[in-house]
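Okay, structure first, notes after.
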Amino acid sequence: MMSNGKPDLMVESQNLFEIHKKYDPQGCEYWSARDLGKILMYSEYRHFLPVIDRAKLACINSGHVLEMHFVDSQEHVAIGSGASKLLPTIFFSRYACYLIVQNADPSKEIVAKGQTYFAIQTRKQELTEKDQENKKRLLLRNEISKHNVKLAEVAKSAGVREPVDYAIFQDHGYKGLYGGLGAKDIHARKRLKKSQKILDHMGSTELAANLFRATQTEEKLKREPHHSKQQANQTHFEVGNKVRQTIRELGGSMPENLPVADNIKKIERQVNKKKSLSDKKGKTK
C-alpha cells in the first residue's frame, strides 16, 4: 500500500514487504530496488544506492556469490501523466533484502520492521533448505549403500573377492574422483575421526558424485567383463576420473573441497524421532 511514494505504516509490515514481492519465469521470488527504496522511505533512488553498496559488500564478505542475490536490470518507472520511463534497477533475493535492511537507516520505524521480517523469513528459508538437504542426503546415502553391494557382486567376476581386494578396488574409484586421493587421504583431508565414515559426512552434492561413480562403474563392468583385479581397479579409477572431469567442465567444486557435513546417523535419528512423535500424535487423535 503506497501513498505519494511512501508506505502506509498502518499496513502490517509483513504484508507491506510481501505485496511488493515479484516472481521470475522460473518461480523464484525477488524484490525491485526501486520498490524497496520507497518502502524504506528513501526520498530518491540515488539516496538508496549507498545502502545497496554496503549490502553488496556484506554479501561478498559473507562468502556468497554477489550475482546470485543482486541482479542488475531495468524496469519501467512512472514519471507522471500516465507515462513511464525505462530506468536501471537491481533485483534482490530475499537474502539481499535482509542485507539491505541491516544496512539501512535504523532510526526509521519501517527499517526496524524490515529487519525483523527479513531476519525471520531468511531463517525460515535456511531451515527449509537444510531440511531439504537432509532428505536428499538420506536418500543418496541409502542408494550408495545399495549400489556398493551391487558393485561388489559385479567386481567378484574379476576376482575382487577378499576384503582387502575390495578395499583396493574402492580406493581406485576414490583416487579417480578425488584427484589421486585414496580413502585414507580423504579421511585425513576432511579431518574425520577414525570411527567416522567418509560417506556419512558427505553433503548431497558429494554423495551424488559418488553415487554416479558407483553406478557407472557397475554398468561398465557388466558391459565389459574383466578378467583380472587390476583391470577392474583401472576401470573404477577411469570412471571416477571421468566423473571428476565432468564436474570440472561444469564449473563445479572438486569433491575434496566440499564441506564436511553432519553425521548422517545423527540426521537419521532426528528424522526417525520426528516420525515417531508424528505417529504417536496420529494415534491419539
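The values are calculated or read from the model by the stated rules, or taken from the named source; none is laboratory data. As the structure is a computational prediction, the values presented were derived from the model and not from experiment. Every residue, glycine as well, gets a Cβ built from its backbone with ideal geometry; the counts of neighbours run over all protein chains shown.
Observations
- Matching residues, the range 82-120, being in contact with a strand residue (DSSP E or B) (Cβ under 8 Å, 6 or more places away or on another chain) and either assigned to a helix (DSSP H, G or I) or not assigned by TED's automatic domain parsing to the domain that holds LYS38 (or both): ARG94, ALA96, CYS97, ILE100, ILE110
- Per-region count, the range 227-267, residues farther than 17 Å from ILE168 by Cβ, touching a His at 6+ places or on another chain (Cβ under 7 Å) and among the small types (Gly, Ala, Ser): 1
- Meets criteria (surrounded by 12 or more Cβ atoms within 10 Å (Cβ to Cβ) and at pLDDT below 95) for ASN272: no
- Residue within the range 219-240 that is at pLDDT 90 or above, surrounded by 19 or more Cβ atoms within 10 Å (Cβ to Cβ), of a type in the set (S, T, N, Q) and closer than 30 Å to ARG161 by Cα present: yes
- Criterion violated by ILE79 - all others in (1) modelled with pLDDT under 90; (2) of a type in the set (A, V, I, L, M); (3) assigned to a loop (DSSP other than H, G, I, E, B) satisfied: (3)
- Any hit, the range 224-237, residues being without any contact (Cβ under 8 Å) to a residue 60 or more places away in the chain and among the hydrophobic types (A, V, I, L, M, F, W, C): no
- Here the range 110-144 is the region considered, the condition is being farther than 29 Å from ALA214 by Cα and of a type in the set (Lys, Arg), and the residue that is farthest from the chain's Cα centre (by Cα) is LYS113.
- Of residues in the range 139-165 being among the β-branched types (Val, Ile, Thr) and in contact (Cβ under 8 Å) with a residue 60 or more places away in the chain, the one surrounded by the most Cβ atoms within 10 Å (Cβ to Cβ): VAL160
- In the range 58-69 there is no residue that is of a type in the set (Ser, Thr, Tyr) and touching a Ser or Thr at 6+ places or on another chain (Cβ under 7 Å).
- Candidates LEU87, LEU99, filtered to the one that is among the aliphatic types (A, V, I, L, M), out of contact with any Gly (no Cβ under 8 Å at 6 or more places or on another chain) and closer than 25 Å to HIS64 by Cα: LEU99
- Which listed residue, of LEU177, LEU181, is closer than 20 Å to GLU143 by Cβ, in contact (Cβ under 8 Å) with a residue 24 or more places away in the chain and touching a helix residue (DSSP H, G or I) at 6+ places or on another chain (Cβ under 7 Å): LEU177
- Selection from the range 61-72 of residues that are surrounded by 12 or more Cβ atoms within 10 Å (Cβ to Cβ) and either farther than 15 Å from GLY37 by Cα or not hydrophobic (A, V, I, L, M, F, W, C) (or both): HIS64, LEU66, HIS69, VAL71
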